[in-house]
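No value in this document is a laboratory result; all are computed from the given coordinates. Treat the numbers as computed from the prediction; the structure is a model and nothing was measured. Cβ coordinates were reconstructed from backbone atoms using ideal geometry, including for glycine residues, and neighbour counts include every protein chain displayed.
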Amino acid sequence: MEEINWSDFEKVDLRVGTILSAEDFPKARKPAYQLTVDFGIDIGVRKSSAQITVHYSKEELIGMQVVAVVNFPRKQIANFMSECLVTGFADENGDIILTSVNRKLPNGARLC
């Protein structure tokens, strides 16, 4: 694994946000949801595509706080423009478990 220095890590802007909505994404190659995530006043509301359908229903995602990278360039996925990268870890089958927080934080709080 390549080592990075602190300034490299500081370039990645990881923020907490609250999922406002989750919709099916039928045009995605693999099963996915289109998420709308609120990152607070300074960053605003952003959209993300997430392949998390194995472990999460759309209903249980609403109100969940997740950790996302907010300073990647926008990326088009099929007919959808993803504006942030919701983070997670792959389980033993490769299915994603979202990175979340165990206590409520203000939307937009930065990982430090």
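For the chain, what relative contact order do you get, as a whole percent, if you take Cα pairs closer than 8 Å and at least 6 residues apart?
31 percent
Run the numbers for residue 45 and residue 71: contour at 0.36 nm per residue of separation, minus the present Cα-Cα distance, in nm.
Working it through step by step, the gained length comes to 8.0 nm.
Using helices alone, I'd like the mean residue ellipticity at 222 nm for the chain: each DSSP H run of four-plus residues gives -39500 (n - 2.57), total over residue count, nearest 500.
So the calculated ellipticity at 222 nm is -2000 deg cm²/dmol.
Mind putting a number on the dipole of the chain about its Cα centre? Charges go on the C-beta only, +1 for Lys and Arg and -1 for Asp and Glu, and I need it in Debye to the nearest 20.
Once rounded to the nearest 20, the dipole reads 380 debye.
Could you list the square roots of 5 times each eigenvalue of the Cα gyration tensor of the chain, that is, the equivalent ellipsoid semi-axes, sorted largest first and rounded to whole Å?
22, 17, 15
Within segment 57-112, report the trypsin sites (Lys or Arg not before Pro) that DSSP leaves as loop and that have at most 14 other Cβ atoms within 10 Å.
Qualifying residues, ordered by number: 74, 103, 104.
Any idea what the dipole of segment 36-88 comes to, in debye rounded to 20, about its Cα centre with Lys/Arg Cβ at +1 and Asp/Glu Cβ at -1?
My answer is approximately 240 debye.
Zone of residue 27 (label point 7 Å along Cα→Cβ, backbone N under 13 Å): which residues in segment 34-57?
Flagged as within label range: 34.
Just give me a number: lysine pairs in the chain, eight or more positions apart or cross-chain, with C-alpha atoms less than 25 Å apart.
Total qualifying Lys-Lys pairs in the chain comes to 14.
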